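Every number in this text was worked out from the coordinates using simple rules, so none of it is lab data. Note that the coordinates shown come from a computational prediction; the quantities given were computed from them, not determined experimentally. Here the Cβ positions follow ideal geometry from the backbone for every residue, glycine too, while neighbour counts run over all protein chains shown.
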Amino acid sequence: MAELSVNLAGLQLDNPIVPASGCFGYGNEFKDFYDINILGSFSFKGTTKEPRVGNPTPRIAECDAGMINAVGLQNPGVHAVIEHELPRMKEYFHKPVIANIGGFSVEEFVYCCELMEQQPQVGLVEVNISCPNLHAGGTNFGSCADSAAEVTRAVRKVVKSKPLFIKLSPNVTDITEVAKACEAEGADGLSLINTLLGMRIDPRARKPVIANVMGGFSGPAIFPVALRCVYQTAHAVKIPVMGIGGVDSAEKVLEMMLAGATAVQVGAANLADPYICKKIIEELPAVMQKYGIERLADLVGKV
Amino acid sequence: MEFMILSNQPIAKSVYKMVLAGDTRGIKAGQFVELALPGRFLRRPISVCDWTENTLTLIYKVVGVGTEDMTQMQEGVKLDVLTALGNGYDLDRAGDAPVLIGGGVGVPPMYGLARELCRRGIIPTILLGFNTIDEVFYEAQFLALGCTVYVATADGSYGTKGFVTDVLREENLTPSYYYTCGPLPMLRAVANATVCSGEASFEERMGCGFGACMGCTILTTQGHKRVCKDGPVFQKEEIEWQS
């Protein structure tokens with residue numbers, strides 16, 4: 001009997017499959033396709049202190065084996081999430097959920113994390129310091145080790161009872177430097193990678209396809225980059241890693257785990273195929289059997 | 001859901017009609033489907049033109065690589081399709097003399113809607129707008145439903161010269177309600193040219209097509225909404241037309 005469960009910094013997951021933030025809303029749209037309680041967990045839409053309308057449209061550009069998005073963290077704000085989304089979610093998702101927090105200042109991260117710390121439904125807090133689509137003040141906290149450390153230190157003070165993960169950007173010189181800085185400030189784990197900064201141009205209009213000009217590139221095309229980042233990071237830190245980037249099959253889940261991921265997030269693939277996480281979870285036992293794996297957790301970091 | 005292509009033929013300049021066999025349960029007028037195309041990452045949202053219990057008719061215009069791929073697809077090819085997406089039109093608001101206004105590739109959803117209204121004993125008046133005679137399609141199909149049909153072309157090569165709003169004015173039409181689909185300038189012009197209430201179907205570049213990614217958004221009087229999930233049909237009165 002294949003054993004799929006993993007322990008993610010104290011949070012027990014029935015399996016390592018976790019839909020990634022921004023690709024799964026609050027789960028509401030996917031519950032109409034399948035019972036989302038089969039998931040390990042999911043990371044809900046990136047949440048900020050104030051409601052955000054996001055960027056102008058078009059926000060989406062298709063690419064070979066992937067897509068670029070510049071949604072710009074459209075979300076109803078942390079208070080609406082607590083008052084409306086979490087109670088509604090309780091009716092169709094009965095496992096601890098991952099709260100994904102975005103922000104424009106250290107204070108904003110702290111404000112939202114403090115509120116999430118108090119939500120019984122939240123099993124883990126994932127702080128996104130790496131959204132490529134935000135330019136307010138030009139700050140991307142994930143772009144250097146010092147600012148990543150500053151955010152981690154501040155949110156660690158308010159996230160006391162739940163695992164704290166920091167979501168890292170691949171758009172840096174050395175991701176392990178940022179990772180080590182977060183670990184040193186008390187992060188319980190790391191989620192990586194966020195999207196790669198990308199761009200498309202419409203040659204007929206001679207204009208960028210995306211109104212925001214640039215956006216985050218995701219999808220199967222980025223899998224080798226994501227896998228490399230997970231491998232480097234998992235070897236550089238002692239805290240667990242959630243692998244994200246281009247995963248769309250059970251085989252790629254195994255690769256991510258072998259590279260050092262304890263759990264694996266599935267992002268853009270959910271948008272192309274709403275059933276993809278269900279398919280991966282159903283495929284896993286057969287793929288494990290194919291490679292002679294009894295416990296999925298035994299794979300973590302074996303390469 | 002799996003569908004199989006029964007036919008796929010050009011019916012006007014750059015416009016193709018694809019008929020597929022599959023389970024059409026739950027489909028309503030004004031909804032769309034999403035086709036997974038081999039080798040393309042994102043699905044293609046295509047409005048539903050017509051359907052029976054086990055066939056689905058789509059009319060699509062070649063606007064990019066995906067729809068270009070579709071023109072090459074042969075009978076018997078199987079496609080993965082998400083069906084019954086979006087809200088669709090509210091037929092209960094039609095009144096006794098609705099007008100259906102379609103512009104270009106916005107014409108197809110008007111056909112399924114007209115057929116459903118006729119089934120309820122409401123015979124709508126049809127206004128179709130195209131750029132030029134080569135692009136005109138489906139006039140005969142609407143006539144076959146028993147509808148009065150007006151066609152306008154921007155260059156005057158067929159029907160009334162000008163836009164659908166010129167027909168509205170010249171024919172002194174006083175509909176009970178309107179339904180429309182077409183390019184944004186047309187939707188805006190129709191909203192301005194009508195005293196009655198109505199609803200319009202919008203288009204936006206989509207990521208998922210089922211409400212998850214926040215890729216398509218539209219400003220309404222109740223804030224930003226998702227074109228794919230909260231729409232694509234919105235009431236005339238709830239749209240911020242200036243934006």
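Evaluated at q = 0.12, 0.23 Å⁻¹, a Debye calculation over the C-alpha positions of segment B:91-200 (equal weights, vacuum) places log10 I(q)/I(0) at -0.33, -1.34. Dimensions of segment B:202-243 from C-alpha coordinates, computed as largest minus smallest value along each principal axis and given longest first, are 27, 16, 15 Å. Across the options A:Q121, A:Q12, A:A184, the greatest Cα extent toward the positive end of the charge dipole of chain A (unit charges at beta carbon of Lys, Arg, Asp, Glu) belongs to A:A184.
Summing Cβ point charges (Lys, Arg +1; Asp, Glu -1) relative to the Cα centre of segment A:138-251 gives a dipole of roughly 320 debye. Ranking B:A154, A:F104, A:G292 by Cα position along the charge dipole of the protein assembly as shown, where only Lys, Arg, Asp and Glu carry charges on their C-beta atoms, puts A:F104 farthest toward the positive end. Stokes-Einstein diffusion of segment B:2-85 at 37 °C, 0.692 mPa s viscosity, Kirkwood radius from Cα pairs, rounded to a whole number: 260 µm²/s. Taking every alpha-carbon pair within segment B:1-51, the share separated by more than 17 Å comes to 41 percent. Taken about its Cα centre, segment A:223-278 carries a charge dipole of about 200 debye when Lys and Arg each add +1 at the Cβ and Asp and Glu each add -1 at the Cβ.
Each residue in A:C63, B:C196 was given a count of other beta-carbon atoms within 10 angstrom of its own, and listing them fewest first yields B:C196, A:C63.
When both segment B:125-198 and segment A:163-213 are represented by their alpha-carbon centers, they are found 48 Å apart. Here the dipole of the protein assembly as shown is about 440 debye; that uses its Cα centre as origin and unit charges on the Cβ of Lys and Arg (positive) and Asp and Glu (negative). Helix content alone sets the calculated 222 nm mean residue ellipticity of chain B: runs of n ≥ 4 DSSP H residues at -39500 (n - 2.57) each, divided across all residues, give -4500 deg cm²/dmol. Computed over chain A, the per-residue total of -39500 (n - 2.57) for DSSP H runs of n ≥ 4 gives a 222 nm mean residue ellipticity of -8500 deg cm²/dmol, rounded to 500.
Shape summary of segment A:201-303, radius of gyration then Dmax from alpha carbon positions: 16.3, 54 Å. Entry note: segment A:46-125 has Rg to Rh equal to 1.04, where both radii use alpha-carbon atoms and Rh is the Kirkwood radius. Annotation: amide H of A:E126 within the under-5 Å range of A:A99, A:N100, A:I101, A:F165, sequence separation 5 or more or interchain, hydrogens built in the peptide plane.
Net charge near B:G30, counting Lys/Arg +1 and Asp/Glu -1 over other residues with Cβ under 11 Å of its Cβ?
Overall, the nearby charge balance is -2.
What the Cβ-Cβ distance of B:E75 and A:D32 gives, at R0 = 25 Å and to the nearest 0.05, is a FRET efficiency of 0.20. Structure remark: mean-square fluctuation, Gaussian network model of chain A, C-alpha springs under 10 Å; the largest value among A:I293, A:I166, A:I98 belongs to A:I293. Placing one equal scatterer on every Cα of chain A and applying the Debye formula, the log10 ratio I(q)/I(0) at q = 0.09, 0.13 Å⁻¹ is -0.39, -0.85. Cα extents for the protein assembly as shown along the principal axes, largest to smallest and rounded to whole angstrom: 75, 49, 45.
Put +1 on the Cβ of each Lys and Arg and -1 on the Cβ of each Asp and Glu in segment B:2-85; which of B:T55, B:V77, B:G66 then has its Cα farthest toward the positive end of the dipole? Of the listed residues, the answer is B:G66. Dimensions of segment B:176-237 from C-alpha coordinates, computed as largest minus smallest value along each principal axis and given longest first, are 36, 22, 16 Å. Other residues with beta-carbon under 13 Å from the beta-carbon of B:A152 carry, at +1 per Lys or Arg and -1 per Asp or Glu, a net charge of -4. Here is the P(r) of segment A:194-236: all C-alpha pair distances, binned every 10 Å from 0, give 25, 37, 24, 11, 2 in whole percents. For chain B, the alpha-carbon radius of gyration amounts to 0.96 times the rule-of-thumb value 2.2 N^0.38 Å expected for a compact globular protein.
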